[in-house]
Amino acid sequence: MKIAYNRNPEAIVKGTNREIAVFSTDGENIDTEVVKSFGDEWLKFHEFSDKSIEKLSNEYFDVLNDSILNKQSYALDIGCGTGRWTKSLATKAGFIEAIDPSDAIFAADKLLGKIDNVRLSKASVETIPFDDNTFDFAMSIGVLHHIPNTQQAMKDCVRKVKKGGYFYCYLYYNLETRGWWFKTLFAISDLIRKVVSKLPSGLKKFICDILTIVIYMPLILWVRFLVLIGLRNIAKKMPLSAYNDKSFFVIRNDALDRFGTKLEHRFSKAEVLEMMENCGLTDIVISPLMPYYHAIGKKI
Ligand SMILES: C[S@@+](CC[C@H](N)C(=O)[O-])C[C@H]1O[C@@H](n2cnc3c(N)ncnc32)[C@H](O)[C@@H]1O
């Protein structure tokens, strides 16, 4: 099912389980510091268990069904990071091309082991090494909000999808549905992020571990306590309620993701819809469930 690259790679590097073609990631719409930071992050955090991948992928992929994605689908995962969602996708799609501009691609090679319906390439959203109108399904989870021009990056992804194919994305939401106290806590954490994300890699990881213990865990334990005493509806409104059933490993990783990344954009539901429509997508479904916002659209 896999097709040839539309140009020659700059190099082919031997990973642990497969060869990885390396393409230039030069371009206007990429933040190289962010990419480097993700490379460092994912090389440290890549031991996701199959169980945790399955549990989380059920949340992300609630808007998919067999007619959107199946064993005949040629799929593209843009900004695959450790390849955790590529791994989940590998059980549903025919063949997957997974790309990432950072060294995370080598972590993905390890996590994906000997799975043989995946090819990994080091490339960015602007240098996707495949022709336009190639894929039945393309997805980008937690990536486009870390790119300077999210709308342009989304267009670059959707160009690779065939007419009648689907594009799926997860983009940070702008907390539009939350109360003032939630937004205030977020504004404080955002100030912390602006400082922490500028620290050198080792120190950043150390500070993020401390933040996991002093900020994340107390709030999450509070949420768990509310759930335990039967106040699930109140718990759902608390900050970090999404982590109620997540492992400490996932929480640590997300804290590093949250506080360690210099560039992030956040969007309202209406903005997500508008960006997807601007890419020529129709039949757009934005899941009403967490994580906010994940959405799917069909290319016309
Ligand atoms: C938060 S991680 C998400 C990784 C993976 N999708 C996941 O959810 O586990 C963001 C990823 O986007 C990648 N990225 C950043 N800028 C990019 C760009 N311009 N093109 C493609 N990927 C990019 C990073 O290297 C990083 O692996």
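Numbers at a glance
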{"quantity": "Segment 180-260: relative contact order in percent, alpha carbon pairs under 8 Å with at least 6 residues between", "calculated": "44"}
{"quantity": "Principal-axis tilt of helix 248-260 within the chain, Cα atoms, nearest 10 degrees", "calculated": "80"}
{"quantity": "Among beta bridges that DSSP assigns inside the chain, antiparallel share in %, nearest 5", "calculated": "40"}
{"quantity": "For 279, 80, 169, order by how many other beta-carbon atoms lie within 10 Å, fewest first", "calculated": "279, 169, 80"}
{"quantity": "HN-Hα J in Hz across segment 195-208 - Karplus 6.51, -1.76, 1.60, θ = phi - 60°, x for Gly and Pro", "calculated": "7, 4, 5, 8, 6, x, 3, x, 5, 4, 5, 4, 5, 5"}
{"quantity": "Cβ-defined net charge surrounding residue 217, 15 Å radius [Lys, Arg +1; Asp, Glu -1]", "calculated": "+1"}
{"quantity": "Proximal charge balance of residue 75 [Cβ under 10 Å; K/R count +1, D/E count -1]", "calculated": "-2"}
{"quantity": "Per-peptide average of other Cβ atoms within 10 Å, ordering 196-206, 30-40 highest first", "calculated": "30-40, 196-206"}
{"quantity": "Segment 241-290 and segment 70-100: distance between their alpha carbon centers, rounded to Å", "calculated": "19"}
{"quantity": "Residue-averaged 222 nm ellipticity for the chain, from DSSP H runs of 4+ at -39500 (n - 2.57), nearest 500", "calculated": "-11500 deg cm²/dmol"}
{"quantity": "Shape of segment 180-260, Cα gyration tensor, a/c cut at 1.5", "calculated": "oblate"}
{"quantity": "With 10 Å bins from 0: P(r) over the chain, alpha-carbon pairs, percent", "calculated": "6, 27, 37, 23, 6, 0"}
{"quantity": "Surrounding net charge for residue 109, when Lys and Arg each add one and Asp and Glu each subtract one, Cβ distance under 15 Å", "calculated": "+1"}
{"quantity": "Residue order, fewest to most surrounding Cβ atoms within 10 angstrom, among 91, 16, 82, 134", "calculated": "16, 91, 134, 82"}
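Bear in mind that the values in this text are calculations on the coordinates, not laboratory data. None of the values given here were measured: they were computed from a predicted structure. When we count neighbours, we look across all protein chains shown, and the Cβ atoms used for this are built from the backbone with ideal geometry, even at glycine.
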